[in-house]
Amino acid sequence: MHTFNRIFVLVMLSLLLVLGAFVLIAPAAWLSLMQSIADWFRSTVFVAYSDTGRVLARVLMAIVWAALIGFLIWLELRQGSSRDIEIVHHAGESTIRISTEDVRERVKAQVDAIPGVVGSKVHVIGRDRAVELKLDVTVTRDLDLVAKAEEVALVARQVAQDQLGLRLAGKPQVSIRAKAGKSPIAPAPARPAATPVVEPASSPAPSFADQPVVSTEQPTAGDERPA
């Protein structure tokens, strides 16, 4: 819009310069030229119109002309958006400005990190020393939309004001809608594998070969020896 304004102003000033000089130098020739143009329109453009039709056509062209000029004036008076916003909470002597694209990326990153947010679109409009935030947020269907929208607005305000030091032109405007699905649930921590219980090895059954042999036989008379 600023480029169009500059081009339009340059063209109009150039026309005013030429026409103004021509009228001041040769006013009679200017009037004669205007009369010739009017006769040409009457004999070519309005030849098929009646007197009433010519009047209505002129009124219609005047309305279109007034609407066009009024639209251009409105565009000029309307406060346009800028791509850079001045940081107002800066204590230094220099002026620091931050781009709206950086603000948009920072706000979007923080909003997307909110639990339950599936996606978001952030629109940042710079108003010289203030910023206007508009957010389109998609969340899961199982959430409270009003509470989640307030949380999104709070996060956006904190990023713009507290983190970046910007001044808001108004409250963040949040448009929220739900998407089918539920919030992702964090998987339960895996339980540690049970340590196998190792039972102590049972002592082997005693072998009769390892036991002392105790004889139970009684000596007979023939086997007795004299002491």
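The values are calculated or read from the model by the stated rules, or taken from the named source; none is laboratory data. Here the structure is a predicted model, which means the values were calculated and not measured. Reconstructed Cβ throughout: ideal geometry from the backbone, glycine too, with neighbour counts over all protein chains shown.
Residue by residue, here is whether (1) closer than 22 Å to Gly165 by Cβ; (2) at pLDDT below 90; (3) part of a strand (DSSP E or B) holds:
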site: Thr95; (1), (2), (3): yes, yes, no
site: Ile98; (1), (2), (3): yes, yes, yes
site: Asp102; (1), (2), (3): yes, yes, no
site: Lys121; (1), (2), (3): no, no, yes
site: Lys134; (1), (2), (3): yes, no, yes
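Have a look at Ala153, Ala178, Ala194, Ala160 and point out the one that is exposed (fewer than 11 other Cβ atoms within 10 Å of the Cβ) and either part of a loop (DSSP other than H, G, I, E, B) or modelled with pLDDT of 85 or more (or both). First the steps, then the outcome.
Details: Ala153 fails: exposed (fewer than 11 other Cβ atoms within 10 Å of the Cβ); Ala178 fails: exposed (fewer than 11 other Cβ atoms within 10 Å of the Cβ); Ala160 fails: exposed (fewer than 11 other Cβ atoms within 10 Å of the Cβ).
Only one candidate passes the filter, namely Ala194.
For Ile69, are the conditions met, namely being β-branched (Val, Ile, Thr), modelled with pLDDT under 90 and touching a strand residue (DSSP E or B) at 6+ places or on another chain (Cβ under 6 Å)? Spelling it out, it is not the case that Ile69 is β-branched (Val, Ile, Thr), modelled with pLDDT under 90 and touching a strand residue (DSSP E or B) at 6+ places or on another chain (Cβ under 6 Å). Against the numbered list (1) assigned to a loop (DSSP other than H, G, I, E, B); (2) among the aromatic types (Phe, Trp, Tyr); (3) modelled with pLDDT of 80 or more, Tyr49 comes up short only at (3).
Within region 14-35, being more than 56 Å from the chain's Cα centre (by Cα) and surrounded by 10 or more Cβ atoms within 10 Å (Cβ to Cβ) holds for Ala26, Pro27, Ala29, Trp30, Leu31, Ser32, Leu33, Gln35.
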